[in-house]
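Presented below is the structure to which this report refers.
What follows draws every value from the coordinates through simple rules; no lab data is involved. Keep in mind it's a predicted model, so treat the numbers as computed, not measured. Ideal geometry is used to build each Cβ from the backbone, glycine not excepted, and the neighbour counts take in all protein chains shown.
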Amino acid sequence: MTKPPLTLYLAAPRGFCAGVDRAIKIVEMALSKWGAPVYVRHEIVHNEYVVDDLRAKGAVFVEELDECPTDRPVIFSAHGVPKSVPAEAAARQMLYVDATCPLVSKVHIEAERHHENGLQIVMIGHAGHPETVGTMGQLPDGEVLLVETPADVATLDVRDATRLAFVTQTTLSVDDTAEVVAALQTRFPAIVGPHKEDICYATTNRQEAVKAMAERAEAMLVVGAPNSSNSKRLVEVGARAGCAYAQLVQRATDIDWRALDGIRSMGITAGASAPEVLVNEVIDAFRARYEVTVEIIETAQENVEFKVPRVLRERV
Ligand code: 0CH
Ligand code: SF4
């Protein structure tokens, strides 16, 4: 039987960013330096495949520090941690390595600087997400107020409307965030903040590529996990850019083939925490059913790389 033709658009950039690459490398290097087990507080990045792979190599994933023995190293995930976490690790005399992405740490430092200047901080982020918890946890309770939407801005109760700054989560929707920033600037004209927001280069670039892909693809799949904020934002961006069917899949077995019946063009991208091996698995699944022609939609080139912490670069 002849297979139907399908144009497969592949977004570029897609998948791993420099912060994810570094975080995974930190766990691998810690395992080779100190041997197993090495503890990791929270999923190092939000991807089950990555976590399972590291678990097989000897990493033990926990949610809180008190689940770790004090005589084994512990690594903090790429999303960042409240100040209390390294403080507790130090108090328990634990060896810890911080895999927080340097671009998240930059936001932590920004928030601290505003606080030192006497400003109260408004954070744009998702309640309960580990990055939001980590950034808010850089300062004492009440010093960082959380908003998620323009409606939240309208009801915000601030200490002094003339002494405010804002910071954001790094993995938000660029367009949604612009609306929240605009609402903040309208209600609090004196508010200070970054040039636009704190959304990182990787998040921005992946969303741009999805928009370009949505102009051509009838349907779109985003490879990523349901707890991955940046991956979920890619689905929303794709749908909003006009793609009639945009869906998150963890891997090929999640594809709903019936929903894709009759399509002639398909877009594929991957969140910053999704490994390329899973993208290839999805492409192979399409090749098994269609006569596939691949076209790359490249909207940016990336060459960002982050060093791992010094303790892992030193020879034993
Ligand atoms: O997108 P989120 O923040 O949920 O995290 P992820 O899927 O693990 O991707 C890596 C980003 C880590 C911190 O910016
Ligand atoms: Fe860092 Fe951005 Fe990647 Fe998050 S998504 S780990 S902030 S580069």
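Tell me whether region 69-84 contains one or more residues that are within 14 Å of ligand 1 (Cβ to nearest atom), aliphatic (A, V, I, L, M) and either touching a residue at least 60 places away in the same chain (Cβ under 8 Å) or in a loop (DSSP other than H, G, I, E, B) (or both).
The answer is yes; a qualifying residue exists.
Residue 272 - would you say it is more than 28 Å from residue 28 (Cα to Cα) and either away from ligand 1 (no atom under 13 Å from the Cβ) or touching a helix residue (DSSP H, G or I) at 6+ places or on another chain (Cβ under 7 Å) (or both)?
no
All but one of (1) more than 20 Å from the chain's Cα centre (by Cα); (2) within 15 Å of ligand 2 (Cβ to nearest atom) hold for residue 231; which doesn't?
Condition not satisfied by residue 231: (1).
Looking only at region 97-135, filter to residues that are under 16 Å from the mean Cα position of the chain (by Cα) and β-branched (Val, Ile, Thr); which one of those is nearest to residue 68 (Cα to Cα)?
Going through the qualifying residues, I end up with 100.
Please return the ranges of helices (runs of 4 or more DSSP H) entirely within region 97-211 where 1 or more residues are within 16 Å of ligand 2 (Cβ to nearest atom).
Output list reads 102-116, 130-136, 174-187.
Are any of the residues in region 251-271 outside any loop (DSSP other than H, G, I, E, B), aliphatic (A, V, I, L, M) and surrounded by fewer than 13 Cβ atoms within 10 Å (Cβ to Cβ)?
Yes.
Which one of these is surrounded by fewer than 16 Cβ atoms within 10 Å (Cβ to Cβ) and of a type in the set (A, V, I, L, M, F, W, C): 219, 244?
244
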